[in-house]
1. Given 46, 65, 73, which one is of a type in the set (A, V, I, L, M) and touching a residue at least 60 places away in the same chain (Cβ under 8 Å)?
2. Please pick out the residue among 268, 329, 278 that is basic (Lys, Arg), assigned to a helix (DSSP H, G or I) and modelled with pLDDT under 85.
3. Determine, yes or no, whether residue 111 is assigned to a helix (DSSP H, G or I), over 15 Å from residue 20 (Cα atoms), out of contact with any His (no Cβ under 7 Å at 6 or more places or on another chain) and not assigned by TED's automatic domain parsing to the domain that holds residue 282.
4. Scan region 79-92 for residues that are of a type in the set (Gly, Ala, Ser) and at pLDDT 85 or above and jot them down.
5. For region 115-126, enumerate the residues that are surrounded by fewer than 19 Cβ atoms within 10 Å (Cβ to Cβ) and either under 26 Å from the mean Cα position of the chain (by Cα) or farther than 14 Å from residue 166 by Cα (or both).
6. Give the residue, chosen from 194, 189, 204, 220, that is within 16 Å of residue 172 (Cβ to Cβ), out of contact with any strand residue (DSSP E or B) (no Cβ under 6 Å at 6 or more places or on another chain) and not hydrophobic (A, V, I, L, M, F, W, C).
7. Collect the residues in region 281-309 that are over 25 Å from the mean Cα position of the chain (by Cα), at negative phi and assigned to a loop (DSSP other than H, G, I, E, B), keeping them in residue-number order.
Amino acid sequence: MLLSNDRHITHMDLDTFFVSVEYLRNSKLRGKPVLIGGMSDRGVVASCSYEARKFGIHSGMPMRAARNLCSHAVIIKSDFEAYSRYSKLVTEIIKDTVPVFEKASIDEFYIDMTGMDKYFGCLKFSNQLKKKVTEESGLSISYGLASNKLISKVATNEIKPNGQLEIPFGNEKQFLAPLSIMKIPGVGKETGYKLLKMGVETVKTLSEIPVALMQNLLGKNGSELHRRANGIDESPVIPYREQKSISTEQTFETDTIDTAFLHKQLARMTEKIAFELRSQNRLTGCISVKIRYSDFQTEQKQMAIDYTAADHELLKKAKDLFNSLYTRRQLIRLIGIRFTDLIPGTYQINLFNDTQEMIKLYQAIDSIKKQYGEKYVVRAIGAPAVAKV
């Protein structure tokens, strides 16, 4: 394993990505407070411009609250197809330029520059890549260069927008020390509130708490947070390989024409791979359903959909596809479902027109599934059933 001083990791993050894409489509938006998300008051802000942030607006905020803070803000309905297209463009630019990179989300990347310091210079190369991305995509991007992924990401967040910052090896703790504990990735509202109640406000103070005390306070996450506060992160850059699809299929013990049973199985399967989709922080833009009859003839139909990872949206599409596909009224031996056209993204980002209650419901369901297993929480329609011949 390479020692920390042997590693050079660049974290690149597109500045206010959704908003920047809208700037390219309408230059008159520049300089204005812009909100991307649901158009109704019950919708959620997915992204906002820096001008809007000056009013206290942030992503995840109810659109009604955002409107109250800035009544003259320009509100734009999200266009995930356009955002995906630009994300793929930037991904291709980076892919054609560097040997190893990780796509962490729709708008951020980790690049392993290790070894490049001997030949070209990591800082010089990062600057040129930053310039190339902007020239070829029209999008502003910021980066942090450091000895590990943690420090490079924090550095990027500190220098945005349109900035660059290098943290030399050995300066990690010095860089982190004055920052708020909320700047450390992995410190959410609950953990942050708990630490702030103890008087722990800066990373320097956090780094000085004995690891045993951190473990008593936060359990197994305590030791990891202690490492992060001290600038330690040995996680590797995971080479990007674009997954083409997520799918599942079921062959029945007994061929059936029981549509109620088939709908239950389809719902169970859809819910299963939708959870897998969210667990991978991905969204799908195309869904297909497959039927294999008792005579082994196979039919399949697909449809393009708005990017989503939400059960309630995918279940409806899957049912519609199945109903339009199953016209022969012949015994079925297998059904399958597949999600394709996958892109990085989260449920929170995708639910532009849903309510905070819906977002919190999905977060709670997924939390239970991750902790106890996906079979512990299922929709009633997907509950086990016995096929009828």
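The values are calculated or read from the model by the stated rules, or taken from the named source; none is laboratory data. Predicted model only: the values in this text are computed from it and were never measured. Quick reminder, even Gly has a Cβ in these numbers, built from the backbone with ideal geometry, and neighbours come from all protein chains shown.
1. On the way: 65 fails: touching a residue at least 60 places away in the same chain (Cβ under 8 Å); 73 fails: touching a residue at least 60 places away in the same chain (Cβ under 8 Å).
After ruling out the rest, the residue left standing is 46.
2. Working: 268 fails: modelled with pLDDT under 85; 329 fails: assigned to a helix (DSSP H, G or I).
Testing whether each residue is basic (Lys, Arg), assigned to a helix (DSSP H, G or I) and modelled with pLDDT under 85 leaves just 278.
3. Numbers: assigned to a helix (DSSP H, G or I): no; over 15 Å from residue 20 (Cα atoms): yes; out of contact with any His (no Cβ under 7 Å at 6 or more places or on another chain): yes; not assigned by TED's automatic domain parsing to the domain that holds residue 282: yes.
No: the conditions fail for residue 111.
4. Let us first name the residues in region 79-92 that are of a type in the set (Gly, Ala, Ser), namely 82, 84, 87.
Selection gives 82, 87.
5. Answer for region 115-126, where residues must be surrounded by fewer than 19 Cβ atoms within 10 Å (Cβ to Cβ) and either under 26 Å from the mean Cα position of the chain (by Cα) or farther than 14 Å from residue 166 by Cα (or both): 115, 118, 119, 120.
6. 204
7. Going residue by residue through region 281-309, those that are over 25 Å from the mean Cα position of the chain (by Cα) are 289-301.
Those left that are additionally at negative phi: 289-295, 297-301.
294, 295, 297, listed by residue number.
The rows are residues; the columns are (1) over 29 Å from residue 165 (Cα atoms); (2) within 21 Å of the chain's Cα centre (by Cα).
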residue: 21; (1), (2): no, yes
residue: 30; (1), (2): no, no
residue: 42; (1), (2): yes, no
residue: 55; (1), (2): no, no
residue: 65; (1), (2): yes, no
residue: 79; (1), (2): yes, yes
residue: 85; (1), (2): no, yes
residue: 91; (1), (2): no, yes
residue: 106; (1), (2): no, yes
